Amino acid sequence: MEDCIRKMKEVLATRFDLGLLPSELSDDDLLFEDGLGLDSSSAIELIVAIEEEFEIELDDEDLTAEMFKSVRTVSKLVERRLSVE
């Protein structure tokens, strides 16, 4: 899980203009609104980035607000998809 979270932080820090290093991101940082400030277009970019970086495909049932709530929840989603593929 830690490797997945570390890689997710790298994806977020490099693909989005957060002004933060991966090491400055918390596992529980919220991705949207009062957290890292991602918006709906960022959500699409994040989905594409996840699929490219982790070489997985996300299904429609994966694309819920709860799954994309925080760094930790999206990392758990990726881990689950990696174990299926």
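The values are calculated or read from the model by the stated rules, or taken from the named source; none is laboratory data. Remember, predicted model here, so these are calculated numbers, not experimental data. Glycine gets a Cβ as well: all are built from the backbone with ideal geometry, and neighbour counts include every protein chain shown.
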Filtered residue count, the stretch 37-71, keeping only those that are under 13 Å from K7 (Cα atoms) and touching a helix residue (DSSP H, G or I) at 6+ places or on another chain (Cβ under 7 Å) = 5
Could you tell me whether the stretch 21-28 includes any residue that is within 10 Å of the chain's Cα centre (by Cα), surrounded by fewer than 16 Cβ atoms within 10 Å (Cβ to Cβ) and assigned to a helix (DSSP H, G or I)?
-> no
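For every residue, the table says whether it meets (1) small (G, A, S); (2) modelled with pLDDT of 95 or more; (3) on the phi > 0 side of the Ramachandran plot.
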position: L18; (1), (2), (3): no, no, no
position: S41; (1), (2), (3): yes, no, no
position: L46; (1), (2), (3): no, yes, no
position: D60; (1), (2), (3): no, no, no
position: L63; (1), (2), (3): no, no, no
position: V71; (1), (2), (3): no, yes, no
In the set I5, I56, the lone residue that is in a loop (DSSP other than H, G, I, E, B) and either β-branched (V, I, T) or in contact with a Cys (Cβ under 7 Å, 6 or more places away or on another chain) (or both) is I56
Output the number of the condition that V74 fails; it satisfies all remaining conditions of (1) more than 16 Å from M8 (Cβ to Cβ); (2) crowded, with 16+ Cβ neighbours inside 10 Å.
-> (1)
Selection over the stretch 45-69 where residues are without any contact (Cβ under 8 Å) to a residue 12 or more places away in the chain and within 11 Å of the chain's Cα centre (by Cα) yields a count of 3
